[in-house]
Amino acid sequence: MSDSRIGGLYRRSIGDRIDELEARGWLAPADAETLREGRAVLGVGGAERMIENVIGVFGLPLAVAPNFVIDGRDYVVPMVVEEPSVVAALANAARLARAAGGFTVSCEESLLTGQVVLLGVADPDAAEGAIRAQRDALLAEADAVHPRLAARGGGVRDLELHRFDDGEGGTALALHIHVDTCDAMGANLVNTICERLAPRVAALCGGRPALRILSNLADRSLVTARVTYTLGSLAESGADPVAARDGIVAASRIAGADPYRAATHNKGIMNGIDAVAIATGNDWRAVEAGAHAWAARQGRYGPLATWRTGTDGSLEGEIRLPLKVGTVGGTLARNPAARLCLRLLDTGSARDLAGVMAAVGLAQNFAALRALATTGIQHGHMRLHARGKPAGSRVIAGPVDEPGTAAGKVILLGEHAVVYGRHALALPIPGAVTARVSAVRGTSRISVPDWHLEHPLAQADAPLSQLVARVLGELGLADTGYHIEIASQLPRGMGLGSSAAFAVALVRAFAAAAGIDVDPERTNAIAFECEHLAHGTPSGVDNTLATFARPMLFRHAGELEIRTLEPGQPPPLVIATSSGPGATAAQVAAVRARRTALAAHYDAVFDEMDALAIEGAALLEANDLDRLGRLMNLCHGLLNALEVSTPELEMMVRIARSAGAAGAKLTGAGGGGSVVALCPGNAAAVAQALEDAGFPTLVPAVS
Ligand code: MEV
């Protein structure tokens, strides 16, 4: 890793800062480009898939604090925070800490605790004995809930029984289940374990389960960070170092004695910790709840960080708090900015991320106390310009590190013609769909939270249940009871290949779960079979893209011909979805009927589209995006001639072109669905124009 000591970042333009971070290797070129184009922002479409009743996306500044050295390694820390001075103060505190080697962190264990709380236990002693006697069986049962967790090196580590007053003169019992959730935040994992174990625990103890949920007082995930500030570093800016040190130590003592001050002391710490939690897509309310509960653990609220004078007169600080955070899965996998920030931090594991957050909290506390002990807090406030950022759009980046992942597709040139043996130029939307499969007792269930679907499999809509049945059949697996969960960044029926991506993701997830080796060719063939269910006479382009996730020139004229392409750089695309889904099977059938009546004319159109696709592939590889855009415009005209466009799609195409797209066209079968725009240098503006007109956008990172 390169040197994180970067002076004067605050004096530079945003573009210069991004350039500097890229030049030093902190930002990968693709991430730097994403930031330059204002695309590192959750779009309305992505937000809609996260929570309910969305009406927009709320922006917050994303910044970096350079200069950190933690356990001998440099870090540039991403922060999302709206309060002036927090970032500048942190960068300064990190810089001053370098004089004595920076921060050291330690974290003995990283376990998330679930609670099964029982009320009405008649004989708590007997209950405790029963739990002790069944401890091994309970551990095994809890571990069996998520077999793949154990395979990843995680699992249930410990059980503990707590007793407390139930508030009605009786005794409540809480069984604590301590789970190593690896790099995931793990809330869902642990909650499921609690729910599954509760009936058995209640039966053993003779009470009734009142609550089955994780505890945010994650005191089995305690992290400690330490730092030393030399008197030399405290003397900077002409301050009296001894007075500064003594002032900070006094402030620490006051926080220890006075809960009113401790609350503010800790608020300053959380300025930093929350900013990193938000930037990395973590649940900052969970982090907050844990921190404050820990601060009050001795029955009185106290400071999370303390400061004292070292034997050599330096200033020594220490923070200790629970930090159970994640670097994979859940919401953070859905937020493009969070993924980018995690790559920038490059911590490797969730434990390391917790260490960075603890160091940030300690540095932030130092900065606040130093200002309070010397010039006062108002003095150092930087004047910040109000900066307007484009709202941007949803970015779909590379594959998620999960077994059941598949790509979506976007056709740049040649849809419909491809059904008649002509070429199509198609690009993947990498990592767009992820399927997870776990064995359950009882009937199978399928959930697609992004589409607000959750059903027993037998009651799922026909396309989904048939798809799963076909995949199981092709893999030779019986339906012995599964929970299938599919995360889809692709909207349904929008011409972006969601059905093929589902098929490929399911094949991979079931194969991984069953330990079957299925090579990509076979995966593609199974997905093609599944596509017959969805589309009648599919060309095969969707399943091929879903499987191989490469830009390609595709043709299926008797036999499959694929030429994978190497674009000089990922083409800057914006995809926007219209208000209604396309109906691929119906559109393909309608074109077929019209072609029957006008075969020569339709074939002439298909031949022209074939030529466009072939030339477009060459232009893509030569990075001649302006000319490629013109070909897309021509292709759209031809698709309109085939009667698969709609007034809404025409309007979207016009908006994209007016906002500066080099080319824009409907993509997929039409009749609704999506448009794709090629936008060299102006993807953010085009996405914004479409979003402003009410069309959700997504911006694939094409590998
Ligand atoms: C302001 O956001 C945080 C401080 O109040 C923290 C403190 O007083 O220690 C400056």
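The values are calculated or read from the model by the stated rules, or taken from the named source; none is laboratory data. On a predicted model such as this, the values are computed, not experimentally measured, just so you know. Here the Cβ positions follow ideal geometry from the backbone for every residue, glycine too, while neighbour counts run over all protein chains shown.
Name the residues in the stretch 321-375 that are within 16 Å of the ligand (Cβ to nearest atom) and β-branched (Val, Ile, Thr), would you?
Of all residues in the stretch 321-375, those within 16 Å of the ligand (Cβ to nearest atom) come to 321, 360-375.
Scanning the stretch 321-375 gives 360, 374, 375.
Scan the stretch 127-150 residue by residue and report those that are more than 18 Å from residue 214 (Cβ to Cβ) and among the small types (Gly, Ala, Ser). Scanning the stretch 127-150 gives 127, 129, 130, 133, 137, 140, 144, 150. Taking every residue in the stretch 80-98 that is touching a residue at least 12 places away in the same chain (Cβ under 8 Å) and pairing it with any residue that is part of a strand (DSSP E or B) and aromatic (Phe, Trp, Tyr), at least 6 positions away or on another chain, the pairs with Cβ-Cβ distances below 7 Å are 94/68; 96/229; 97/103; 97/229.
All told, residue 485 meets the bar of being among the charged types (D, E, K, R) and not in a helix (DSSP H, G or I).
Take the conditions within 24 Å of the chain's Cα centre (by Cα) and assigned to a loop (DSSP other than H, G, I, E, B) and apply them to residue 52. Does it pass? Spell out how you get there, then give the answer.
Numbers: within 24 Å of the chain's Cα centre (by Cα): yes; assigned to a loop (DSSP other than H, G, I, E, B): yes.
Yes, satisfied.
Evaluation of residue 48 against the conditions (1) within 30 Å of residue 449 (Cβ to Cβ); (2) within 16 Å of the ligand (Cβ to nearest atom); (3) touching a residue at least 24 places away in the same chain (Cβ under 8 Å) shows that the sole unmet condition is (2).
At least 2 residues being of a type in the set (Asp, Glu) is the threshold, and among the helices (runs of 4 or more DSSP H) wholly inside the stretch 557-647 those reaching it are 599-621.
Looking for something in contact (Cβ under 8 Å) with a residue 12 or more places away in the chain, buried (at least 17 other Cβ atoms within 10 Å of the Cβ) and more than 28 Å from the chain's Cα centre (by Cα) - is there at least one such residue anywhere in the stretch 591-600? Yes, the stretch 591-600 has at least one match.
Among the residues of the stretch 75-93, those that are part of a helix (DSSP H, G or I) and of a type in the set (A, V, I, L, M, F, W, C) comprise 86, 87, 88, 89, 90, 91, 93. Filtering the stretch 639-664 to residues that are touching a residue at least 60 places away in the same chain (Cβ under 8 Å) and either hydroxyl-bearing (Ser, Thr, Tyr) or crowded, with 20+ Cβ neighbours inside 10 Å (or both) leaves 639, 642, 644, 646, 649, 652, 656, 661. Selection over the stretch 233-252 of residues that are within 16 Å of the ligand (Cβ to nearest atom) and either more than 18 Å from residue 311 (Cα to Cα) or among the hydroxyl-bearing types (Ser, Thr, Tyr) (or both) gives a count of 2.
Which one of 495, 568 is surrounded by fewer than 23 Cβ atoms within 10 Å (Cβ to Cβ) and either at pLDDT below 90 or in contact with a strand residue (DSSP E or B) (Cβ under 7 Å, 6 or more places away or on another chain) (or both)?
Values: 495 fails: surrounded by fewer than 23 Cβ atoms within 10 Å (Cβ to Cβ).
None of the others qualify; the one that does is 568.
Of the residues 36, 24, only one is in contact with a Gly (Cβ under 7 Å, 6 or more places away or on another chain) and surrounded by fewer than 19 Cβ atoms within 10 Å (Cβ to Cβ); which? The unique qualifying residue is 36. Of all residue pairs spaced 6 or more apart or on separate chains, those with beta-carbon atoms under 6 Å, a first member in the stretch 549-560 that is of a type in the set (Phe, Trp, Tyr) and a second member that is part of a strand (DSSP E or B) are 554/424; 554/426; 554/562.
Would you confirm, using the coordinates I've provided, whether residue 277 is crowded, with 19+ Cβ neighbours inside 10 Å and either modelled with pLDDT of 95 or more or under 19 Å from residue 364 (Cβ atoms) (or both)? Step through it out loud before you land on a result.
Working: crowded, with 19+ Cβ neighbours inside 10 Å: yes; either modelled with pLDDT of 95 or more or under 19 Å from residue 364 (Cβ atoms) (or both): yes.
Yes; evaluated as a whole, the condition is true for this residue.
The set of residues from the stretch 164-184 being under 15 Å from residue 202 (Cα atoms) and either of a type in the set (Ser, Thr, Tyr) or at pLDDT below 95 (or both) comprises just one member, 171. Given the structure, is residue 55 surrounded by fewer than 19 Cβ atoms within 10 Å (Cβ to Cβ) and free of Cβ contacts under 8 Å to residues at least 40 places away in the same chain? When the stated conditions are applied, residue 55 passes them.
For the stretch 75-90, a residue qualifies if it is within 14 Å of residue 364 (Cβ to Cβ) and more than 16 Å from the ligand (Cβ to nearest atom), and exactly one does: 77.
Scanning the stretch 253-265 for residues that are within 13 Å of the ligand (Cβ to nearest atom) and either surrounded by 14 or more Cβ atoms within 10 Å (Cβ to Cβ) or β-branched (Val, Ile, Thr) (or both) yields a count of 8. When residue 85 is tested against (1) modelled with pLDDT of 95 or more; (2) buried (at least 16 other Cβ atoms within 10 Å of the Cβ); (3) not hydrophobic (A, V, I, L, M, F, W, C), just one condition goes unmet, and that condition is (1).
Taking the stretch 516-549, which residues are part of a helix (DSSP H, G or I) and within 28 Å of the chain's Cα centre (by Cα)?
520, 523, 524, 527, 541, 542, 543, 544, 545, 546, 547, 548
Here is a yes/no grid of residues against (1) of a type in the set (Lys, Arg); (2) within 16 Å of the ligand (Cβ to nearest atom); (3) in a loop (DSSP other than H, G, I, E, B); (4) buried (at least 21 other Cβ atoms within 10 Å of the Cβ):
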{"position": "267", "(1), (2), (3), (4)": "yes, yes, no, no"}
{"position": "273", "(1), (2), (3), (4)": "no, yes, no, yes"}
{"position": "290", "(1), (2), (3), (4)": "no, no, no, yes"}
{"position": "293", "(1), (2), (3), (4)": "no, no, no, no"}
{"position": "299", "(1), (2), (3), (4)": "no, no, yes, no"}
{"position": "302", "(1), (2), (3), (4)": "no, yes, yes, no"}
{"position": "316", "(1), (2), (3), (4)": "no, no, no, no"}
{"position": "319", "(1), (2), (3), (4)": "no, yes, no, yes"}
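Summed over the stretch 234-260, the residues that are at pLDDT 95 or above and outside any helix (DSSP H, G or I) give a count of 1.
Against the numbered list (1) surrounded by 18 or more Cβ atoms within 10 Å (Cβ to Cβ); (2) modelled with pLDDT under 95; (3) farther than 26 Å from residue 85 by Cβ, residue 347 comes up short only at (3).
Taken over the stretch 158-186, residues that are surrounded by fewer than 16 Cβ atoms within 10 Å (Cβ to Cβ) and within 18 Å of residue 350 (Cα to Cα) amount to 0.
Quick one: which residue in 224, 306 is within 25 Å of residue 100 (Cβ to Cβ), within 16 Å of the ligand (Cβ to nearest atom) and not in a helix (DSSP H, G or I)? Even if it seems obvious, please write down each step before you answer.
On the way: 224 fails: within 16 Å of the ligand (Cβ to nearest atom).
None of the others qualify; the one that does is 306.
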